[in-house]
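K.L.:
So that we are looking at the same thing, I have put the structure below in structure tokens.
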Amino acid sequence: MEQVEIWARKTQIAKILSFFDGLPRFIHIPKPMLVGSNNESEIIMVGDTTVSRIRGELKNLDEPFNPHLREQRILGGIKRIKPERATSLIYQELKKGFPEICMLEDSGECGEKVIRAHSLQEAVFKHHSKKRHVYQFEPFTGKRDEDKNLWPELAGIHEVTTFLGFCEHHDSKVFSPIETRPFQNTLEQRFLFHYRAFAQMYYDKAHKFQIMERVHDHLAKKFGRLELDTMEKSIFLNRHDTQELKQTKIELENQLRNKDWSAIEGYAFVGEKMPDVLTTNYFAPLKNFHGKIFQDTKSLNPIKWISFTVTAVNDRAVFLLCGEKGCPVLKEFASSFREMPLQSLAIVTYVFCTFENFIMLPKWWDSLPRSVQLKFVNAFQGRFYRRELPSVPDWNLKEIS
Ligand SMILES: [Zn+2]
């Protein structure tokens, strides 16, 4: 454990994570152990704790480590809500189903029926499924092994990557230029990929997250503020983000209505092979591809959001990065990607360490030995970029204009 403190002082968080990946779920830390700093305090762990608790702290640490702090936060031994209890409440709420809403209801001509809108077209990966199933992680409902590791599970291609955020009419009308026409990297197509990524994220934050708020209200009847601290923080941050994104929603819908496609710019990379991991995300990146922090996502100041899409056209990988015109974060993110020597691995690593919503093709996942799969599973649970991951097949990406 002394080694952990040395890594902590050098901000070698990936090494600390790899060290704890190899330990059983419940651990005992005999004497206070520094793992890093977070805002104003050093973070010290001691006593009985779990590997997932430590991972939870590690993902929020300062980079670099701040050696000039006087405050300490000592964690361990605090009575906390059994995660099983919160999970079963979440499960109950999930069974009630998600809110159904058309994001474009103010744009007129709204159809009656809200459908499962695909954030990635099913046709892209249908032929690569295993009996019409692909792999994905299910953080709330997924099964865990004896060490509480969450493994990806097969899920039906009609369900994966869907959200209840558009009516049938708007979904088919608005997205037909990317659903029915080949990808030619037009301004319109990039705008629509970007807007769809935004819509899914906005739906998650503004509507789907209500489930967490209801779970919190149930738990608040029984538990004090200290135990609900983490949950209350995430509810606060979610409300903050939603508020910030409301303005973006208005802007994007105006641009959509006026066909102002050039309001969004983007970079496209096309490969020669099918990607093994597919995703679409709208997010505020903390780090570029090198793992260098390039915007402060810990403060509540406005931050830059971009979209990150890995899809395919005719079984050839398409990687798209889009953001508002002139966005400096987008520019730096794209140039850090160009500098990556192993670009397919860089994408897969970024996806596993950062995102929750993505799918994996069975042909690739099933081909990996369990020890290699475990490395990806640990990266998913660690939520820390950048870590070393085993190699992946190269999709031979080239930038196109
Ligand atoms: Zn509609």
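The numbers here are math on the coordinates, done by the rules we state, and not lab data. Predicted model only: the values in this text are computed from it and were never measured. Neighbour counts are summed over all protein chains in view; Cβ atoms, including those assigned to glycine, are modelled from backbone coordinates with ideal geometry.
K.L.:
May I ask you to give the average projected area over all directions of the convex hull of the Cα atoms of the range 248-395, in nm² rounded to one decimal?
P.N.:
Values: hull surface 38.6 nm².
Answer in nm², one decimal: 9.7.
K.L.:
Run through the DSSP bridge list for the range 2-75 and note the antiparallel percent, rounded to the nearest 5.
P.N.:
Once the DSSP bridges in the range 2-75 are tallied, antiparallel ones form about 65 percent.
K.L.:
Using θ = phi - 60° and the Karplus relation 6.51 cos²θ - 1.76 cosθ + 1.60, list the HN-Hα couplings for the range 117-130 in order, rounded to whole Hz, with x at every Gly or Pro.
P.N.:
Karplus-based 3J(HN,Hα) across the range 117-130 equals 7, 8, 7, 10, 5, 4, 4, 5, 10, 3, 6, 10, 8, 10 Hz.
K.L.:
Further question on the same structure: Loop only by DSSP, 14 or fewer other Cβ within 10 Å of the Cβ. Give me the trypsin sites (Lys or Arg not before Pro) in the range 195-267 that pass, ordered by residue number.
P.N.:
Sites meeting the loop and neighbour criteria: K221, K222, R225, K259.
K.L.:
Let me ask another. Skipping prolines and chain starts, which residues have an amide H placed within reach, meaning under 5 Å, of the one on F358, given they are 5 or more residues away or on another chain?
P.N.:
Under 5 Å from the amide H of F358 lie the amide H atoms of F137, each far enough along the sequence or on another chain.
K.L.:
Summarise the long-distance tail of P(r) for the range 85-401 by giving the % of C-alpha pairs beyond 32 Å. Please report the intermediate quantities before stating the final value.
P.N.:
Numbers: 13345 of 50086 pairs.
Result: 27 percent of Cα pairs exceed 32 Å.
K.L.:
In debye to the nearest 20, how big a dipole does the chain give about its Cα centre with +1 on each Lys and Arg Cβ and -1 on each Asp and Glu Cβ?
P.N.:
In total the dipole reaches around 760 debye.
K.L.:
Can you tell me, using C-alpha contacts under 8 Å and at least 6 residues apart, the relative contact order of the range 183-327 as a whole percent?
P.N.:
30
K.L.:
Relative contact order (percent) for the chain, with alpha-carbon contacts under 8 angstrom and 6 or more residues of separation? List each step's numbers first, then the result.
P.N.:
Details: 651 pairs, mean separation 65.4, N = 401.
Rounded, it is 16 percent for the chain.
K.L.:
Further question: When only alpha-carbon atoms are used, what values of Rg and Dmax, in angstrom, describe the range 2-75?
P.N.:
11.2, 33
K.L.:
Next up: Which of the peptides 367-373, 97-103 is most tightly packed, and how do the rest follow, judged by the mean count of other Cβ atoms within 10 Å per residue? Please report the intermediate quantities before stating the final value.
P.N.:
Details: 367-373: 11.7, 97-103: 17.1.
Ranking, from highest mean packing down: 97-103, 367-373.
K.L.:
Taking C-beta distances below 4.7 angstrom as the pairing criterion, name the unpartnered cysteines of the chain, in sequence order.
P.N.:
Taking the Cβ cut-off of 4.7 Å, the unpaired cysteines of the chain are C110, C322, C327, C353.
K.L.:
So for the pair K31, D147, with labels modelled 7 Å out along Cα→Cβ, what separation do we get in nm?
P.N.:
My value for the distance between the label points is 2.8 nm.
K.L.:
If you look at just the Cα atoms of the range 62-168, how large are its Rg and its Dmax in Å?
P.N.:
Calculated on Cα positions, Rg and Dmax stand at 20.7, 60 Å.
K.L.:
Write out the chymotrypsin sites (Phe, Trp or Tyr not before Pro) in the range 253-326 meeting two conditions: DSSP loop, and at most 14 other Cβ atoms within 10 Å of their Cβ. Before the final figure, lay out each step's value.
P.N.:
Values: sites: W261, Y267, F269, Y282, F283, F289, F294, W305, F308, F319; in loops: F289, F294, W305.
Listed in order of number, the matching sites amount to none.
K.L.:
Distance from the Cα centre of the range 323-383 to that of the range 240-274, in angstrom?
P.N.:
With the range 323-383 and the range 240-274 each reduced to a Cα centre, they are spaced 21 Å.
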